[in-house]
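Asker: Pasting a structure below so you can have a look.
The values are calculated or read from the model by the stated rules, or taken from the named source; none is laboratory data. Just so it is clear, the model here is predicted, and its values are computed rather than measured. FYI the Cβ positions are ideal-geometry reconstructions off the backbone, even for glycines, and counts take in every protein chain you see.
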Amino acid sequence: VTQPLEGTPITATVVAGSKAGEYIVTYHNGAQETVKTLTVAFVVQAAAPVISNVYFKAETSDPHMIVHRDTVKLTFITNQHVTPLSNFKINGSNITSFTSIEQRDGVWENIATYITDDSEPYGRMNFQINVKNDAGLYSLTTEETSDASYVEVMKRSNLQISPEGKPDAVTDQQFTIPVSIQGDDLGTLFYNNKVRYFAFLWNTTSDDITVGSLFGEAPEVMHDGKDGQPLVLAWGSDEGHPLKDYADAYATGVTSDLPITFHKEGTFVINFSLRAIDSIYGGPWVSSATTVTEDMPSFFKVENVKTSATYGFDLNVADSYEKRELLSQAPIGDSPEELAGLNPVHVKLKELTPGTVYEGKARIAPIGAQNVQLWAKDSAGNWYDINQTGWGPAEGFDINLETTTEVYVLVGIEAGDQVELTFNLVEAANTTNVIATKKISANAVDVTLHP
């Protein structure tokens, strides 16, 4: 202060937040030369806290948008340490947590968090900041941000992906599970976004399982599971499916049969999810991609995958065959003249390694060799050329190691010419799944087994 006249009272203003104590007052003249100093003791009385720099944001990729179960954060500055009052509210509810930390002398940063629940009303959120200082003095109620920041609660889609579990399975035997997607309200948040199908498998690597197409899309291995993290599969393109294009189908419900084959024993849990890959809740698959579906319906468990038995063919192949004319039509009767003098080959299945008996339906696939006929008769007395039609009804038959089928071989090639024959026992419902196989080479002189 400038040196006052003798006897003039001195008035000093102490800024809010100053502490009680002794302060030095310096007198000076117009030339800023010190004339006199004295020490004055001030008693600073407590004042109500002052709130400033209010900022409201969502703890998501977009600071303005959340869905149920997300977290919001309300940050503001005070000039002293404060604690929340009971009427400190966010969207009419009590806050979840609160901290008040001094950043520098007279500046305190305060953070209140709130986790929304499933009852949270949709729309823009509100708040009422009410705090008190350590002396018990209350702040003024603050309901506005300093920078027009806001948070809006958006509606989450109820779209669900639900697989039907399988209690058990057998290694190297394919089974299918129906996977359904349905949701009668796609919600405002995800309607304009794109989704992709994902599956997460724990304690499994890409070498332990073979998974087929889902809703017409082949799987892509996003993570092979060989580092202790889950095996992650995705179906569909990287760009995803436009959710609004599937709104009608998903409202009605769609189902796809997913083929799965395990290659090791154990108990396995698979979690399916739909993920909005291009929304504010998208992000990498590893952590932050939002699951549109609820968790529980998307899980299923294969309780006990057991090792399956393996099978081979037991063929009593003759040492030699005479060249014969191939038949233009199937023989008739129990002992047709066209096959007279031929010794049948006895075709029988045998177990190569023990394990769980194959439970599916099987049949012998057509061989498709040239200049060869392999005639066998079914239980109804009808003859079939296994080379052309295979053996067994279209729906297949149960594997029976006690059953022997007699096959009459007609070789129509010149002596010395050879033909390759491959017998394949296949799954009737999926003929690419070979259960047993045997290769032989044949000519008009003899038939010898491959080593």
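Asker: So Thr37 fits all but one of (1) touching a Ser or Thr at 6+ places or on another chain (Cβ under 6 Å); (2) modelled with pLDDT of 80 or more; what number is the exception?
Answerer: Result: Thr37 passes all but (2).
Asker: Moving to a separate point now. Give segment 125-136 a look and list any residue that's assigned to a loop (DSSP other than H, G, I, E, B) and under 13 Å from Ile51 (Cα atoms), or say none. Talk me through it step by step, then tell me what you get.
Answerer: Of the residues in segment 125-136, the ones assigned to a loop (DSSP other than H, G, I, E, B) are 125-126, 130, 134-136.
If the condition is that a residue be assigned to a loop (DSSP other than H, G, I, E, B) and under 13 Å from Ile51 (Cα atoms), then Asn130 is the only one that fits.
Asker: Here's something else I'd like to know. Residues of segment 323-345 being within 17 Å of Val411 (Cβ to Cβ), loosely packed, with under 15 Cβ neighbours inside 10 Å and of a type in the set (Val, Ile, Thr), which ones?
Answerer: Residues satisfying the conditions do not exist here.
Asker: If you don't mind, another one. Can you pull out the residues in segment 361-377 that are surrounded by 12 or more Cβ atoms within 10 Å (Cβ to Cβ), touching a residue at least 40 places away in the same chain (Cβ under 8 Å) and assigned to a loop (DSSP other than H, G, I, E, B)?
Answerer: Selection gives Lys361, Ala365, Ile367, Ala369, Asn371.
Asker: Suppose we filter segment 84-109 for residues that are part of a strand (DSSP E or B), among the hydrophobic types (A, V, I, L, M, F, W, C) and under 20 Å from Asn133 (Cβ atoms); how many remain? I'd like the intermediate steps shown before the answer.
Answerer: At the first step, the residues of segment 84-109 found to be part of a strand (DSSP E or B) are 84, 89-90, 93-94, 97-104, 107-109.
When the remaining residues are screened for being among the hydrophobic types (A, V, I, L, M, F, W, C), the result is 90, 98, 101, 107-108.
When the remaining residues are screened for being under 20 Å from Asn133 (Cβ atoms), the result is 98, 101, 107-108.
Total satisfying the criteria: 4.
Asker: What's the number of the only condition in (1) more than 14 Å from the chain's Cα centre (by Cα); (2) surrounded by 13 or more Cβ atoms within 10 Å (Cβ to Cβ) that Ala218 fails to meet?
Answerer: That leaves (2) as the condition not met.
Asker: Let me ask another. Take segment 336-359 and flag every residue that is among the small types (Gly, Ala, Ser) and either at pLDDT 85 or above or not assigned by TED's automatic domain parsing to the domain that holds Leu421 (or both).
Answerer: Ala340
Asker: Checking Ile260 against (1) modelled with pLDDT of 75 or more; (2) surrounded by fewer than 18 Cβ atoms within 10 Å (Cβ to Cβ), which test does it fail?
Answerer: (2)
Asker: Can you tell me which residues in segment 45-54 are among the β-branched types (Val, Ile, Thr), over 18 Å from Ser97 (Cβ atoms) and either part of a strand (DSSP E or B) or in contact with a helix residue (DSSP H, G or I) (Cβ under 6 Å, 6 or more places away or on another chain) (or both)? Quick ask: steps written out before the conclusion?
Answerer: Residues of segment 45-54 among the β-branched types (Val, Ile, Thr): 50-51, 54.
Cutting the leftovers down to over 18 Å from Ser97 (Cβ atoms) gives us 50-51.
Ile51 - this is the single residue of segment 45-54 that is among the β-branched types (Val, Ile, Thr), over 18 Å from Ser97 (Cβ atoms) and either part of a strand (DSSP E or B) or in contact with a helix residue (DSSP H, G or I) (Cβ under 6 Å, 6 or more places away or on another chain) (or both).
Asker: I've got another one for you. I'm trying to understand the selection: among the residues of segment 202-233, which are assigned to a strand (DSSP E or B) and touching a residue at least 24 places away in the same chain (Cβ under 8 Å)? Spell out the reasoning first.
Answerer: Of all residues in segment 202-233, those assigned to a strand (DSSP E or B) come to 209-211, 214, 217, 219-223, 231-233.
Answer for segment 202-233, where residues must be assigned to a strand (DSSP E or B) and touching a residue at least 24 places away in the same chain (Cβ under 8 Å): Ile209, Thr210, Val211, Leu214, Met222, His223, Leu231, Val232, Leu233.
Asker: Taking segment 55-83 as the region of interest, how many residues are part of a loop (DSSP other than H, G, I, E, B) and either polar (S, T, N, Q) or buried (at least 18 other Cβ atoms within 10 Å of the Cβ) (or both)? It would help to see each step written out before you state the result.
Answerer: Of segment 55-83, the ones part of a loop (DSSP other than H, G, I, E, B) are 59-64, 67-70, 79-81.
Those left that are additionally either polar (S, T, N, Q) or buried (at least 18 other Cβ atoms within 10 Å of the Cβ) (or both): 60-61, 67, 70, 79-80.
Here the count works out to 6.
Asker: Shifting gears a bit: Can Met125 be described as surrounded by 14 or more Cβ atoms within 10 Å (Cβ to Cβ), hydrophobic (A, V, I, L, M, F, W, C) and at pLDDT 85 or above?
Answerer: Spelling it out, Met125 is indeed surrounded by 14 or more Cβ atoms within 10 Å (Cβ to Cβ), hydrophobic (A, V, I, L, M, F, W, C) and at pLDDT 85 or above.
Asker: Cβ contacts < 7 Å: first residue over 22 Å from Val50 (Cα atoms), restricted to segment 110-124; second residue assigned to a loop (DSSP other than H, G, I, E, B) and aromatic (Phe, Trp, Tyr), any location; separation 6+ or different chain. Result?
Answerer: Final answer for the pair search is Arg124/Tyr150.
Asker: For segment 329-360, what are the residues that are in a strand (DSSP E or B) and of a type in the set (A, V, I, L, M)? Full working, then the answer.
Answerer: Taking segment 329-360 first, the residues in a strand (DSSP E or B) are 345-353, 356.
Passing the criteria: Val345, Val347, Leu349, Leu352.
Asker: So Lys377 passes all but one of these: (1) under 45 Å from the mean Cα position of the chain (by Cα); (2) at pLDDT 90 or above. Which condition number does it fail?
Answerer: (1)
Asker: Continuing with this model, one more query. Look at Ala380 and say whether it is surrounded by fewer than 20 Cβ atoms within 10 Å (Cβ to Cβ), of a type outside the set (D, E, K, R) and under 14 Å from Ala429 (Cβ atoms). Write out each step before concluding.
Answerer: On the way: surrounded by fewer than 20 Cβ atoms within 10 Å (Cβ to Cβ): yes; of a type outside the set (D, E, K, R): yes; under 14 Å from Ala429 (Cβ atoms): no.
So Ala380 does not fit the description; no.
Asker: Now for a separate question. Tell me whether segment 228-250 contains one or more residues that are hydroxyl-bearing (Ser, Thr, Tyr) and surrounded by fewer than 13 Cβ atoms within 10 Å (Cβ to Cβ).
Answerer: Yes, because at least one residue in segment 228-250 is hydroxyl-bearing (Ser, Thr, Tyr) and surrounded by fewer than 13 Cβ atoms within 10 Å (Cβ to Cβ).
Asker: Sticking with this one: Filter segment 307-323 down to the residues that are at pLDDT 80 or above and in a loop (DSSP other than H, G, I, E, B) and list them by number.
Answerer: Ala309, Asn316
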